[in-house]
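Colleague: Sharing a structure with you now.
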């Protein structure tokens with residue numbers, strides 16, 4: 001295999017053979033293909049795309065580069081969820097214990113926040129003592145015992161993805177639908193799932209702001225999952241405003257616990273129930289969406305979901321008293337209420353501006369190695385379309401000091417605009433399966 | 001300057017600022033920009049092209065990466081020629097001493113053969129003892145004394161081009177008009193020329209087989225040269241058949257000497273005179289094309305051009321007796337005549353097949369480090385359109401042994417096709433200047 005000829009082939013719009021992708025990735029991971037050839041190839045893929053057979057071969061090669069979880073013979077089915085990321089998206093924290101409480105194992109492998117979007121790992125690590133660096137072996141043992149583990153990408157899973165992602169990040173080749181799909185699906189498919197649900201965010205605060213691209217990404221990932229024996233469904237959910245009220249690591253953990261108690265914000269609960277219900281139906285743990293929804297509501301009402309969360313926190317080194325006493329979480333030193341500057345209707349609550357402000361407050365990352373302050377962030381109690389009166393409290397800023405408070409208040413002034421009219425776009429706009437896209441009305 | 005943002009910028013079809021190109025190339029040569037970022041950027045350039053200001057900035061940055069020859073205050077004007085490469089193209093060997101004999105200094109910096117096309121350096125090195133690795137200082141001193149030096153790209157000239165070309169060669173980014181133009185022109189413009197003539201080959205044996213691309217390359221290089229105070233003219237010449245009769249390193253040197261004696265093949269002499277006349281007119285050494293042509297013919301007829309060539313050979317370590325006794329050149333051990341297999345008209349003499357056969361015979365390179373056998377090659381005495389009789393000798397094979405002869409005979413059978421009709425396309429089809437393209441009728 002002569003690499004420059006392969007690059008030219010792809011550059012000229014022709015497909016590489018599956019075995020070419022396989023040996024290319026194997027040799028790249030073995031250090032036999034230099035980064036400078038891989039980055040040129042990735043840029044050619046950016047422009048030319050990947051055919052279905054190429055994408056499948058690339059994804060398989062990335063999976064084959066590492067270990068995989070196996071749940072063969074496991075007594076219960078196994079499912080997971082992936083979100084393309086947003087602001088205030090703490091769904092995983094509720095969903096994993098809820099689904100596990102309904103008899104479906106959840107090997108929830110998550111990422112860190114980067115850019116304006118938060119990451120589940122950072123949220124979990126705001127719990128003092130909580131460890132996310134489980135080995136595959138430890139995760140597997142915990143799933144056997146509690147039905148759920150919440151961990152970071154282990155070095156054993158898809159190491160090719162880890163290297164490729166790091167290379168893409170510095171060579172302008174991140175924003176490619178097939179490369180994004182292969183990256184996400186290589187990790188998820190290595191988890192040995194019976195079903196996967198994708199939360200594909202759309203709107204100004206999403207990774208892909210263009211709805212057509214979001215749908216294309218969803219379809220691409222569904223195709224990859226289905227072809228590999230992992231039934232996959234996607235919901236397109238709104239990220240033109242934050243999800244729920246809390247935005248910021250510890251604040252979101254607190255809101256997730258409220259949700260597990262049954263008193264979370266309506267939009268957060270709606271998205272969580274919808275995604276979780278898809279998981280139960282996909283793996284046959286519920287006959288239909290309505291039954292799944294009832295089972296999930298029961299897991300919350302009975303306290304079993306909260307109890308599972310407490311067990312997971314304890315198993316991974318955190319203090320389970322957290323679920324009864326939010327003061328276990330680190331608290332911001334400076335808090336200030338933000339009030340509506342005029343009467344009217346909320347036009348926008350811009351998630352990208354809020355996400356950026358969290359980074360500026362020290363609660364997110366500008367670079368991978370940055371430390372994160374778990375205490376900072378916002379609680380925003382209004383949504384687009386809400387009527388407000390001048391002087392009414394509509395948000396709070398949580399910061400390290402007065403300067404942070406000022407920064408946060410200023411960010412809210414930019415992010416939350418009040419005018420004559422505002423409209424709340426549908427929370428869940430589409431449900432996409434292997435059969436196509438349809439307006440959302442709940443799991444089958 | 002954040003490199004990934006620059007790459008994304010170019011990837012998305014936007015222009016980088018001149019100062020961004022300048023610092024990018026400077027930092028690349030300084031080892032501060034890794035190859036994997038540069039190769040991704042080059043692939044983005046392949047797809048997006050370069051605007052005129054970007055191309056100028058890139059070329060200037062490549063020139064600025066190294067030293068340049070300066071002929072400020074030199075008593076005679078300075079000119080050079082560049083060919084995009086072909087089969088049987090020994091024009092430089094005749095042209096440089098002819099032009100130097102007419103009072104124009106020629107710092108002829110040439111390349112090696114790669115792929116199916118030959119390289120002037122390899123031809124020169126078939127002369128026993130001939131050294132092409134002159135330093136800039138040595139070259140300059142020889143030009144002052146003899147009016148001409150024939151050397152390889154020195155390490156001092158455009159080192160950025162050397163690194164970029166090596167990277168492009170292994171990352172599928174060679175075939176980009178702006179990158180080709182910047183590579184060629186950065187080296188030529190560093191020679192401190194008063195005029196430059198481009199021999200842009202077209203047809204099946206050319207580097208760019210597509211005539212429209214060849215014209216685009218010519219226009220791009222002319223634009224770069226003119227904007228930098230180096231008047232530049234291009235001739236489009238035929239490479240749908242070999243130039244002259246000899247193809248192969250030592251064989252071509254022998255034919256070049258015949259040409260300098262005034263008895264070279266008509267097509268070789270025509271192309272050489274045309275390019276050389278353009279050089280004389282460009283730098284003001286002749287008032288018009290007709291006068292330039294007369295001066296050049298006189299340099300041949302008087303023996304001055306051949307004498308200059310002998311001086312150059314001697315100055316660069318070779319045996320000047322060569323010009324009177326071709327037996328000084330290494331001789332092939334096995335020679336065989338090839339005869340027409342039928343009566344008819346020569347349809348094609350395919351240069352690409354001939355060039356490949358020379359490589360197969362050991363006379364060219366599959367890889368940069370390959371050694372070259374100077375003795376092997378072909379002398380082909382027919383052109384498309386020539387009538388031939390069955391059994392008539394139309395070519396000779398020069399090889400190392402009987403196996404080579406068989407290989408060469410077989411290659412000739414594929415390259416030379418005889419049928420009912422054949423047509424000789426115009427040898428020089430277009431003359432391109434900063435004012436536009438016109439049918440060729442000689443230098444202004």
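Colleague: Residues of A:38-50, mean number of Cβ from any other protein chain within 10 Å of their own Cβ, rounded to a whole number?
Modeller: Numbers: counts 4, 12, 16, 5, 4, 15, 8, 1, 6, 6, 1, 0, 0.
If you average over the peptide's residues, the count of other-chain Cβ atoms is 6.
Colleague: Relative contact order, percent, of chain B when contacts are C-alpha pairs under 8 Å separated by at least 6 residues? Before the final figure, lay out the partial values.
Modeller: Numbers: 965 pairs, mean separation 84.3, N = 444.
Relative contact order comes out at 19 percent.
Colleague: Let me ask something additional. Could you give the distance between the Cα centres of the stretch B:399-427 and the stretch A:112-148, to the whole Å?
Modeller: Cα centroid of the stretch B:399-427 versus Cα centroid of the stretch A:112-148: 70 Å apart.
Colleague: At 7 angstrom along the Cα-to-beta-carbon line, where would the label on residue A:17 sit relative to the other copies? Give the distances in nm, shortest first.
Modeller: 4.9
Colleague: Along Cα→Cβ at 7 Å, what distances in nm separate the residue A:417 label point from those on the other copies, shortest first?
Modeller: 6.7
Colleague: What are the nm distances, shortest first, from residue B:211 to its equivalents in the other copies, labels at 7 Å along Cα→Cβ?
Modeller: For residue B:211, the inter-copy label distances come out at 5.1 nm.
Colleague: On C-alpha positions alone, give me the angle between the axis of helix B:351-360 and the longest principal axis of chain B, in degrees, nearest 10.
Modeller: Between the helix axis and the principal axis of chain B, the angle is about 90 degrees.
Colleague: Roughly what angle does helix A:35-48 make with the longest principal axis of chain A, taking Cα atoms, 0 to 90 degrees, to the nearest 10?
Modeller: Its long axis makes an angle of about 80 degrees.
Colleague: Residue B:216 to residue A:402: FRET efficiency via 1/(1 + (r/R0)^6), r the Cβ-Cβ distance, R0 56 Å, to the nearest 0.05? Display every interim value, and only then the final one.
Modeller: Working: r = 62 Å, r/R0 = 1.11.
The pair residue B:216/residue A:402 has a calculated efficiency of 0.35.
Colleague: On a 0 to 90 degree scale, rounded to 10, what angle separates helix B:177-189 from the longest Cα axis of chain B?
Modeller: 90 degrees
Colleague: Could I ask something else about it? In what sequence do B:104, A:328 fall when counting other Cβ within 10 Å, fewest first? List each step's numbers first, then the result.
Modeller: Values: B:104 27, A:328 20.
Sorted ascending by nearby Cβ count, the order is A:328, B:104.
Colleague: Which value at 222 nm does chain A reach when only helices count, each DSSP H run of 4 or more adding -39,500 (n - 2.57), with the total divided by all residues and rounded to the nearest 500 deg cm²/dmol?
Modeller: Values: 16 runs with 194 residues, N = 444.
After summing the helix terms and dividing by the residues of chain A, the value is -13500 deg cm²/dmol.
Colleague: For the protein assembly as shown, just say rounded, prolate or oblate: build the C-alpha gyration tensor, square-root its eigenvalues into a ≥ b ≥ c, call rounded for a/c under 1.5, and beyond that prolate if a/b exceeds b/c, oblate if not. Walk me through the numbers before you get to the answer.
Modeller: Numbers: a/c = 3.23, a/b = 2.37, b/c = 1.37.
Since a/c reaches 1.5 and a/b is larger than b/c, the shape of the protein assembly as shown is classed as prolate.
Colleague: Hey, if you drop one equal point scatterer on each alpha-carbon of chain B and run the Debye formula without solvent, what base-10 log of I(q)/I(0) do you get at q = 0.06, 0.09 Å⁻¹?
Modeller: The calculated log intensity ratios at q = 0.06, 0.09 Å⁻¹ are -0.25, -0.56.
Colleague: If I model the stretch A:331-419 as equal point scatterers sitting on the Cα atoms and use the Debye formula, what is log10 I(q)/I(0) at q = 0.10, 0.15 Å⁻¹?
Modeller: Values, matching the q order: -0.24, -0.53.
Colleague: Between the stretch B:268-329 and the stretch B:175-251, what is the C-alpha centre distance in whole Å?
Modeller: 21 Å
Colleague: Taking other Cβ within 10 Å of each residue's Cβ, how do A:306, A:296 sort, fewest first? Each step should come with its number before you reach the end.
Modeller: Values: A:306 22, A:296 26.
Placing the least packed residue first, the sequence is A:306, A:296.
Colleague: Where in the stretch A:107-123 does the amide nitrogen come within less than 15 Å of the point 7 Å from the Cα of residue B:5, taken along Cα to Cβ?
Modeller: Inside the label zone: A:115-116.
Colleague: Shifting gears a bit: If each residue's Cβ is checked for other Cβ atoms within 10 Å, how do B:433, A:120 rank with the fewest at the top? Before the final figure, lay out the partial values.
Modeller: Working: B:433 19, A:120 27.
Ordered by Cβ neighbours within 10 Å, fewest first: B:433, A:120.
No value in this document is a laboratory result; all are computed from the given coordinates. Remember, it's a predicted structure, so these values are computed and weren't measured experimentally. Note: ideal-geometry Cβ built from the backbone for every residue, glycine included; neighbour counts use all protein chains shown.
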